[in-house]
Structures are given as structure tokens and as C-alpha cells.
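Asks: Encoded as C-alpha cells, here's the structure I'll be asking about.
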């Protein structure tokens, strides 16, 4: 799997304090995908009139905002609520801006498609997190055979044969 190189710049101390305080990771591997997606969104959504057909337009909105939510999620160090609000806010802001541009129109179905893309990723991340937490919490339970009215049968190690030949335990 391709990994982006980690390049860190020495930031001024007042900026670094804000970054540390708000759990931001502004390394190149986190910022570059976000910048690429924002550039794509601005070019396609605001500058060019692509004329994509109706059903595929919504698929593009859902996919774009799903990827945008993932990128923002990585930037904010996996803070799910913040990343969802920022991504959905960017979707609403983009639609409002389209309302002011010629040859573009503000659309409620596009805003709903943006929200669906954000919601899909939020649900997927929440599901993965809950499954991970559940797997950590699950511990192997010891069976209490006495409580169930059963008694273990003593056997020789790896042979499966009873230890005293009769198959019954003489210890009580």
C-alpha cells in the first residue's frame, strides 16, 4: 500500500499550541488528500458546468462527500462529530455559493446527497468503532460445570483415555 511521506514543518509556537490543543494533524499525508478534494470540488462544483446527468450527479455528490468526510476525519485526528459537521457545513456552503453563480443552481436534492455521503461514512466509522470496542470487551468466560450439574471427566494428557480406566472420577 502506498504511504505518503510524513513531512512536518516547524510551526510558530502560538499556532502549534492551537494545533495540539484541538488535536489537529497537519502533516502532508493528512492535508494533501484534503486539498486535492477541495480543489476538485471547487473546480467541478463552482467553476465548470459539467452537465452530469441527474442520477449520476447524486452519486458523485455522495462519493465526493464521503471521501471529504474521511479526509476531514483524518485531519481532526478521528474526531467524528467535528468531521461530520465540517463536511456537511462545507456541502451547505458550496450549495449556497452555487446559488449566487451564473449557470449554476442551488439544489436541495444535492444538499441531501451531500448529507447522505457524510452519513454513510459516519455510520461506517461508528460501526467499525463499536465492533472494535465489543471485541476488546469480550472475554473468554469460564464454564462453571458444577453449577450446571456436570463434572469434568479426567483424561490422560492428549490420549483421551480415562485416567483410572473406569471413566469415572473417584475424587469427590
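Asks: Taking a point 7 angstrom from the Cα of residue 129 along the C-beta vector, which residues in segment 77-98 have backbone N less than 18 Å away?
Replies: Residues 77-89 fall inside that zone.
Asks: A follow-up question, please. Fewest to most neighbouring Cβ within 10 Å: what's the order for 27, 83, 71, 13? Please list the in-between numbers first.
Replies: Values: 27 16, 83 24, 71 21, 13 8.
Ranking 27, 83, 71, 13 by Cβ neighbours within 10 Å, fewest first, gives 13, 27, 71, 83.
Asks: On to the next question. Sort 129, 137 so that the residue with the fewest other Cβ atoms within 10 Å of its own Cβ comes first and the one with the most comes last.
Replies: 137, 129
Asks: Provide, in order from the shortest bin, the percent of all Cα-Cα pairs of segment 23-135 in each 10 Å bin, continuing until the bin that contains the maximum pair distance.
Replies: Histogram of Cα-Cα distances, whole percents per bin: 14, 44, 30, 10, 2, 0.
Each reported figure results from applying straightforward, stated rules to the coordinates on display, with no laboratory input. Owing to the predicted nature of the structure, the values given are computational and were not obtained by experimental measurement. Neighbour counts run over all protein chains shown; Cβ positions are idealised from the backbone, glycine included.
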